[in-house]
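To start, the structure itself, in structure tokens.
The values are calculated or read from the model by the stated rules, or taken from the named source; none is laboratory data. Keep in mind that this is a model prediction, so the values were computed, not measured. Every residue, glycine as well, gets a Cβ built from its backbone with ideal geometry; the counts of neighbours run over all protein chains shown.
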Amino acid sequence: MRRDITSWFSHNLGMEMPIVAYGHAGYPLLMFPTAAADFLEYERFYMIHAIRDFIESGLLRAYSINSVNRYSLLNREAHPAWKAEMLSRYDRYIVEEVLPLIRSECGKDARPLTTGASLGAFLAANTYFKHPDLFRGTIAMSGSYDIYHYLENYFDDNVYFNNPMMYLKNLNDDYYLPLLRKADSIVIVTGQGAYEAPDRSREFSALLHSKGIPHILDIWGYDVNHDWVWWRRMLPYYLGKFFS
């Protein structure tokens, strides 16, 4: 399997940001790590192995990036305003820096799928729902889509526009909402076992339904825990549906 690592100093984030790409061709998948993990997490936890058939066959090219969670949502020393500001900077990093790289390798009009588990599911979903004109869809696993509890009741525009449960509730425009209503690749999936929170996925699904946004809500069983062993089953399962 081809594996390419590159890195550059992000002008949006003010730090070095590495990225790894797996595969030689295929549809682009942008992967967001869990919690405060790094761009190689999907490799360490054998997720790349779990989807290797798609990659080696040339159906998929997977890109994995760092998050800024350790400086943002998970930073107990930071003021909530800074946490939210970092999310906005991260969004610009993805759109202005990562997406052009992907398009240079996968085609100038490529619209990647996004995916992530746990806190990575929030990042993947937020990226897609903010930019349905730039991304194809999302496979969000075991996520929460309301980040307000990380921000100590602080509120500003950066909070609002990085909180899908907030901005989607009020979305009623003539550009983004029609695009979302034509979506064909939105998956919200969770288990019901240890450390899972299926009501968060149900709540998000209900919001999407209220806005007429088509999607799949899939609630797996009570034996399905918040753990890699299950995410390694979820992602290839839905990629299989995407490519069928």
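Annotations
- Sole exception among (1) closer than 19 Å to VAL95 by Cα; (2) buried (at least 18 other Cβ atoms within 10 Å of the Cβ); (3) among the charged types (D, E, K, R); (4) out of contact with any helix residue (DSSP H, G or I) (no Cβ under 8 Å at 6 or more places or on another chain) for ASP157, by number: (2)
- Residue satisfying condition, being within 20 Å of ALA125 (Cα to Cα), crowded, with 22+ Cβ neighbours inside 10 Å, polar (S, T, N, Q) and free of Cβ contacts under 8 Å to residues at least 40 places away in the same chain, within set SER67, SER72: SER72
- Taken as a whole, the condition of being at pLDDT 95 or above and among the basic types (Lys, Arg) applies to ARG44.
- SER88 meets the conditions (1) free of Cβ contacts under 8 Å to residues at least 40 places away in the same chain; (2) hydroxyl-bearing (Ser, Thr, Tyr); (3) touching a helix residue (DSSP H, G or I) at 6+ places or on another chain (Cβ under 8 Å) in every case but one. The failed one is (1).
- Scanning the stretch 181-216 for residues that are closer than 13 Å to ALA121 by Cβ and hydrophobic (A, V, I, L, M, F, W, C) returns ILE186, VAL187, ILE188, VAL189, ALA197, PHE204.
- Lone qualifier among TYR154, TYR145, TYR238 - being touching a residue at least 12 places away in the same chain (Cβ under 8 Å), in a loop (DSSP other than H, G, I, E, B) and closer than 14 Å to GLY116 by Cα: TYR145
- Residue in the stretch 35-58 that is over 21 Å from ASP227 (Cβ atoms) and touching a helix residue (DSSP H, G or I) at 6+ places or on another chain (Cβ under 6 Å) present: yes
- Scoring ASN163 on the criteria (1) free of Cβ contacts under 8 Å to residues at least 60 places away in the same chain; (2) farther than 30 Å from GLY221 by Cβ leaves a single failure, condition (2).
- Enumeration of residues in the stretch 167-202 that are hydrophobic (A, V, I, L, M, F, W, C), more than 17 Å from the chain's Cα centre (by Cα) and closer than 26 Å to MET86 by Cα: LEU171, LEU177, ALA197
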